[in-house]
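Novice: Below are the structure tokens for one structure; questions will follow.
Bear in mind these aren't lab numbers, they're just calculated from the coordinates by the rules spelled out. Quick caveat: nothing in here was measured; it's all calculated off a predicted structure. Heads up, the Cβs are rebuilt from the backbone with ideal geometry, glycines too, and the neighbour counts pull from every protein chain shown.
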Amino acid sequence: MEKNDYQEILKQLQKKQRNSGILYAFVPVTVISICLFVFWIRLEDRDRLLDEKTTALEQKEKELIDRENKINYLDSAVANKDAEIVQFNEELSGIQIKEPEPNTLIYQKIEQRNYADSTIESLKEIKSYNKKYRVNYYRQSSDGDKVINALTELGLHSKTDYNIFPSKIQHNLGPINSVKYGRNVDPTTCQLLVFQLIKEGFEIRLLDVFAKSTDENANTIVVYRNSKVLNQPALTTEEISLRFNE
């Protein structure tokens, strides 16, 4: 092998050595660049998470402020209402409620109800309501539940102790005002029923036995509205008591 050949081989080896050095020199730079890129990405993620948490905290703070404002509004409304109640109570305490004067219509109605109530209690001590007497009630729309309440107070039950029928009057106006009863009905029982109706606020203008007494109605009490007695004065509790004690 000639000298030139050795020199050529030596040059090639030196060239390869230089190239390898450059490659080795770039390896640390590449590694550092990758690390910096990864670190930058993580910083971006951290900033994004911080932004999301900040937004969530701001939203929560806004909700808390809104809730606090609502609570303050409600507290203010309650305080105002309490002040109104206090003022109303003060005004109410200054009002003197006058007792109804004697001989006035409202006074007489109160007296009638009180008398009926006390008489009912007295009669019950002597004798309870006898359920063997059937009650036929012709209901008026203006009666409400007051007749039913009166019958219930006496211990009566629908269908077993009394029947409810539609009113016989074509123009169904005004409450019941009449009671008729059969010849066998016990006076105390009928008086209890009539007074219980008066206690409920009804005015009884007609109270009498059946004009045509039969075996079918002998044990029956009828509660109804009679348009023929509208101009008659209501019977007082004293008049009713005297009628049953004759």
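Novice: Quick one: order Ser241, Ser158, Ser122 by neighbouring beta-carbon count within 10 Å, fewest to most.
Specialist: Starting with the residue having the fewest Cβ neighbours, the order is Ser122, Ser158, Ser241.
Novice: What fraction of the DSSP beta bridges in the range 107-246 is antiparallel, stated in percent and rounded to the nearest 5?
Specialist: Given both bridge residues lie in the range 107-246, the antiparallel proportion sits at roughly 20 percent.
Novice: In nm, to one decimal, how far is the modelled label at Glu90 from the one at Asp215, with both set 7 Å along Cα→Cβ?
Specialist: Result: 7.7 nm between the two label points.
Novice: Then there is this: Suppose the chain between Ile71 and Thr54 were pulled fully straight at 0.36 nm per residue; how much longer would it get relative to their current alpha carbon spacing?
Specialist: Roughly 3.6 nm would be gained on extension.
Novice: Still on this model: Compute, for the range 108-210, the length of the dipole vector about the Cα centre, with Cβ point charges of +1 (Lys, Arg) and -1 (Asp, Glu) only. Units Debye, rounded to 20.
Specialist: 400 debye
Novice: Hey, another quick one. Over 27 Å between C-alpha atoms is what I'm after, so list which of Lys109/Lys180; Lys81/Lys109; Lys168/Lys199; Lys60/Lys81; Lys109/Lys159 land there. It would help to have the intermediate numbers written out before the result.
Specialist: Details: Lys109/Lys180 22 Å; Lys81/Lys109 38 Å; Lys168/Lys199 24 Å; Lys60/Lys81 31 Å; Lys109/Lys159 32 Å.
Pairs exceeding 27 Å: Lys81/Lys109; Lys60/Lys81; Lys109/Lys159.
Novice: What is the P(r) of the range 111-163, as percent of Cα-Cα pairs per 5 Å bin from 0?
Specialist: Per 5 Å bin, starting at 0, the Cα pair percentages come out as 4, 17, 22, 23, 20, 11, 2.
Novice: Shifting gears a bit: Sorted by mean Cβ packing within 10 Å, highest first, what order do the peptides 186-195, 210-219, 111-120 take?
Specialist: Averaged packing, sorted descending, gives the order 186-195, 111-120, 210-219.
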